[in-house]
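Enquirer: My questions all concern the structure below.
The values are calculated or read from the model by the stated rules, or taken from the named source; none is laboratory data. Note that this is a predicted model, so its numbers are computed, not measured. Every residue, glycine as well, gets a Cβ built from its backbone with ideal geometry; the counts of neighbours run over all protein chains shown. With ligands, DNA and RNA removed, areas are computed over all heavy atoms of the protein, side chains included. Shrake-Rupley method; radii C 1.70, N 1.55, O 1.52, S 1.80 Å.
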Amino acid sequence: MKARKTYYYSDELSDDFAATKDINAKPVSADFPYIHKNPLWRAAAAILYRGIVTPLVFLYCKICFGLRIKGKKHLRGLRGGYFLYANHTQHAADAFIPSLVSFPRKAYIVTGPSAVSVPCLRNVVQMLGAIPLPDETAGLRRFAEVLRTRISQGAAVCIYPEAHIWPYYTHIRPFRAGSFAYPADCGVPAVPYVVTYRARRVFKRLHPCITVQIGEPIFPDPAAKNRTERHRLRDAAYAFMTERAESADQPEYIRYIRKEK
């Protein structure tokens with residue numbers, strides 16, 4: 001496949017090609033309403049998530065991307081919540097795929113502040129599982145408490161450790177170990193999955209199809225220090241994601257070229 005577009009990058013850790021990067025993100029303060037106790041709000045969230053959006057998301061991903069999910073057997077024996085880690089290469093699909101990977105569990109997704117910065121959609125995206133990162137250091141403790149609450153409820157929490165979206169990128173970018181402190185803190189597994197792309201047999205000029213490959217759960221060692229475990233979990237997840245991405249025969253829909261210094 002001939003690349004349809006070329007992006008130039010200089011820093012794999014900080015360059016962002018997301019369509020939402022220009023949204024005027026509002027601050028997420030320490031008192032952000034992460035958890036709603038209003039029964040009407042919670043009932044509406046349940047109906048919206050499972051009764052309306054989940055079926056639509058399934059159809060969208062199947063029709064638009066020919067989505068295939070492999071390795072769900074690795075999730076069947078898990079009791080209680082867990083953390084999902086994946087590469088970040090889609091806009092809408094990356095908001096939808098975690099709910100299909102974790103089904104029938106609810107999936108929450110750690111997002112940037114821009115996800116809850118559109119006034120009319122703020123409640124909707126929260127109902128669908130968005131957990132925005134706080135802007136203030138004072139909010140980090142409460143943010144961690146919210147993650148522990150969702151895990152204790154038996155949910156899956158998805159984190160994109162690459163942080164920024166690189167559409168249709170076929171390799172795994174480096175990512176820091178900080179986000180892997182949460183499985184060690186909660187005593188639950190980190191489950192990596194990787195999105196790879198496959199060429200279409202018909203309508204070849206359209207974007208490639210998506211295959212999701214789920215890895216085996218990586219359990220933290222409760223006797224090890226959190227700092228040590230976050231690096232071990234990161235390295236194991238990165239190794240799985242890299243191996244699967246590099247072994248897949250992926251078409252280059254968008255070409256990425258490093259800028260010359």
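Enquirer: Among Met241, Gly215, Gly187, which residue has its Cα furthest toward the positive end of the charge dipole of region 184-261, with +1 on Lys/Arg Cβ and -1 on Asp/Glu Cβ?
Expert: Met241
Enquirer: Per residue, how many Å² of accessible area does the chain show with a 1.4 Å probe?
Expert: On the way: 13820 Å² over 261 residues.
On a per-residue basis, the chain sits at 53 Å².
Enquirer: Okay, moving on. Kirkwood Rh over alpha-carbon pairs of region 83-213, then Stokes-Einstein at 20 °C and 1.002 mPa s: what D in µm² s⁻¹, rounded to an integer? Don't skip to the answer; put the middle values down first.
Expert: Values: Rh = 15.8 Å.
After rounding, the answer is 136 µm²/s.
Enquirer: Give me the percent of the accessible area of region 207-259 that comes from carbon and sulfur atoms, probe 1.4 Å, all protein chains in place. Working shown, then result.
Expert: Working: 1430 of 2970 Å².
Carbon-and-sulfur percentage of accessible area, whole number: 48.
Enquirer: Here's a follow-up. Looking only at the chain, where both bridge partners belong to it, what percent of the DSSP beta bridges are antiparallel (to the nearest 5)? Spell out each step's value before the answer.
Expert: Numbers: 7 of 29 bridges.
Antiparallel: roughly 25 percent of the beta bridges in the chain.
Enquirer: Taking all pairs of distinct Cα atoms, average 1/r, flip it, and tell me the Kirkwood hydrodynamic radius of the chain in Å to one decimal place. If you can, show how the numbers build up before the last one.
Expert: Details: mean 1/r = 0.0522 Å⁻¹.
For the chain, the Kirkwood estimate is 19.1 Å.
Enquirer: Not counting the cut sites, what is the longest span of the chain without GluC sites (Glu not before Pro) that DSSP labels loop and that have at most 14 other Cβ atoms within 10 Å?
Expert: Working: sites that count: Glu136, Glu260.
Here the longest segment lacking exposed loop sites spans 1-135.
Enquirer: Give me the angle, in degrees from 0 to 90, between the Cα long axis of helix 226-247 and the longest principal axis of the Cα atoms of the chain, rounded to the nearest 10.
Expert: Long axis of 226-247 versus the principal axis of the chain: about 30 degrees.
Enquirer: First compute the accessible area of region 159-204 with a 1.4 Å probe, then give the percent of it belonging to carbon and sulfur atoms.
Expert: Values: 950 of 1730 Å².
It is 55 percent, rounded to a whole number.
Enquirer: Using a 1.4 Å probe on the protein heavy atoms, what percent of the accessible area of region 1-107 belongs to carbon and sulfur? Let's see the in-between values first.
Expert: Numbers: 3630 of 6130 Å².
That share works out to 59 percent.
Enquirer: Turning to a different aspect of this structure: What does the charge count near Tyr49 come to, summing +1 for each Lys or Arg and -1 for each Asp or Glu among other residues with Cβ under 11 Å from its Cβ? It would help to have the intermediate numbers written out before the result.
Expert: Details: positive: Arg42, Arg50, Lys106; negative: none.
Around Tyr49, the surrounding residues sum to +3.
Enquirer: A further question follows. How far apart, in nm, are the 7 Å Cα→Cβ label points at Asp185 and Arg255?
Expert: Using points 7 Å along Cα→Cβ, the separation is 4.3 nm.
Enquirer: Starting from the Cα of Ala3, move 7 Å in the Cα-to-Cβ direction to define the label point; list residues of region 158-190 whose amide nitrogen is under 20 Å from there.
Expert: 164-174
Enquirer: Which angle between 0 and 90 degrees, to the nearest 10, do you get for helix 54-65 versus the longest principal axis of the chain when only C-alpha atoms count?
Expert: Around 10 degrees separate the two axes.
Enquirer: Cβ under 14 Å from Lys225's Cβ, Lys225 left aside: what net charge do those residues give with Lys, Arg +1 and Asp, Glu -1?
Expert: On the way: positive: Arg227, Arg230, Arg232; negative: Asp185, Asp221, Glu229.
Counting the neighbours of Lys225, the net charge comes to 0.
Enquirer: Separate question: Which angle from 0 to 90°, rounded to the nearest 10, does the C-alpha axis of helix 140-152 make with the longest principal axis of the chain?
Expert: 90
Enquirer: Please identify, among Phe65, Phe17, Phe203, the residue showing maximal mean-square fluctuation in a Gaussian network model of the chain using a 10 angstrom Cα cutoff.
Expert: For the chain, modelled as a Gaussian network with Cα springs under 10 Å, the answer is Phe203.
Enquirer: Then there is this: Using a cut-off of 13 Å between beta-carbons, work out the net charge of the residues near Ile172 (Lys and Arg +1, Asp and Glu -1, Ile172 not included).
Expert: Residues near Ile172 contribute -2 overall.
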